[in-house]
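Below is one structure; the comments refer to it alone.
The values are calculated or read from the model by the stated rules, or taken from the named source; none is laboratory data. What you are looking at is a predicted structure, and each value in this text was computed from that prediction instead of being measured. Here the Cβ positions follow ideal geometry from the backbone for every residue, glycine too, while neighbour counts run over all protein chains shown. These accessible areas exclude ligands, DNA and RNA; they are computed on the full protein's heavy atoms, side chains included. Shrake-Rupley method; radii C 1.70, N 1.55, O 1.52, S 1.80 Å.
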Amino acid sequence: MTTARATLGGGCFWCIEAAFEELDGVESVTSGYAGGHVEDPTYERVCSGETGHAEVVQVEYDTGVLGFEDVLKVFFTVHDPTQLNRQGPDVGTQYRSIILAHDEDQREFAAAFVDELDSEYDDDVVTEVVDLETFYEAEESHQDYYDKNPNDRYCTFHADPKIEKVREKFATKAQ
């Protein structure tokens, strides 16, 4: 088995993590922080908006089952890439739409994907495509948050609809 990683941010990491965990071929999803200028950020500091980090997930997937394009299709299904620095009730740069490329091929593919996607929306797609410098794993309480807290009100309002979208749109790839 050959695996690859994708690092993506599109709002609260709890919701994005839960959606990706629905897919066959996803080996792991880790919530974390990337794209900022402070070493070893904490959830509280990232939420302040002062570190420059985005809440992101790092998805490790089996390339024999999923391709990077599949990962991007799921990502753009579960968030609105036209909302600048927000997703639903979550507002701030830490909730921006961002793809953090692991190499030049990923960066070029993601940039072309975003350019093509832009024509499908009335508003401009604001998703950033940048190189991943450092990924900081979020605190343990944020890992598998949805699985640990399925009745959490935030999860039922925001994660459940994303999970359902993935199950419906990607039924052939869902677990």
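Take the conditions small (Gly, Ala, Ser), over 19 Å from residue 14 (Cβ atoms) and at pLDDT 95 or above and apply them to residue 138. Does it pass?
No, not satisfied.
Residues of segment 47-65 being over 16 Å from the mean Cα position of the chain (by Cα) and among the hydrophobic types (A, V, I, L, M, F, W, C), which ones?
Once the filter is applied, which keeps residues that are over 16 Å from the mean Cα position of the chain (by Cα) and among the hydrophobic types (A, V, I, L, M, F, W, C), segment 47-65 yields 47, 65.
Name the single residue, out of those in segment 16-44 being open to solvent by less than 20 Å² (accessible area, probe 1.4 Å) and part of a loop (DSSP other than H, G, I, E, B), that is nearest to residue 145 (Cα to Cα).
Here the answer is 41.
What number of residues in segment 45-102 are more than 26 Å from residue 121 (Cα to Cα), acidic (Asp, Glu) and open to solvent by 30 Å² or more (accessible area, probe 1.4 Å)?
Count: 2.
Considering only segment 164-175, state which residues are outside any loop (DSSP other than H, G, I, E, B) and of a type outside the set (Gly, Ala, Ser).
Correct list: 164, 165, 166, 167, 168, 169.
Given (1) open to solvent by 60 Å² or more (accessible area, probe 1.4 Å); (2) modelled with pLDDT under 95, where does residue 160 come up short, assuming only one miss?
For residue 160, the exception is condition (1).
Restricted to segment 136-163, and to residues that are touching a residue at least 24 places away in the same chain (Cβ under 8 Å) and in a loop (DSSP other than H, G, I, E, B), which residue is farthest from the chain's Cα centre (by Cα)?
139
Can you name the number of the only condition in (1) in contact with a Leu (Cβ under 9 Å, 6 or more places away or on another chain); (2) within 28 Å of residue 37 (Cα to Cα) that residue 117 fails?
With (1) in contact with a Leu (Cβ under 9 Å, 6 or more places away or on another chain); (2) within 28 Å of residue 37 (Cα to Cα) applied to residue 117, the lone miss is (2).
Taking the criterion of being part of a helix (DSSP H, G or I), acidic (Asp, Glu) and closer than 18 Å to residue 2 by Cβ, would at least one residue in segment 67-77 satisfy it?
yes
Name the residue, out of 133, 108, that is over 15 Å from the mean Cα position of the chain (by Cα), under 19 Å from residue 49 (Cα atoms) and either in contact (Cβ under 8 Å) with a residue 60 or more places away in the chain or not in a loop (DSSP other than H, G, I, E, B) (or both).
One residue alone meets the criteria, 133.
Within the bounds of segment 17-33, is there any residue that is of a type outside the set (Gly, Ala, Ser) and out of contact with any strand residue (DSSP E or B) (no Cβ under 8 Å at 6 or more places or on another chain)?
So far as segment 17-33 goes, no, none of its residues is of a type outside the set (Gly, Ala, Ser) and out of contact with any strand residue (DSSP E or B) (no Cβ under 8 Å at 6 or more places or on another chain).
Among the residues of segment 124-149, which ones are in contact with an Asp or Glu (Cβ under 9 Å, 6 or more places away or on another chain) and loosely packed, with under 15 Cβ neighbours inside 10 Å?
Result: 124, 131, 134, 147.
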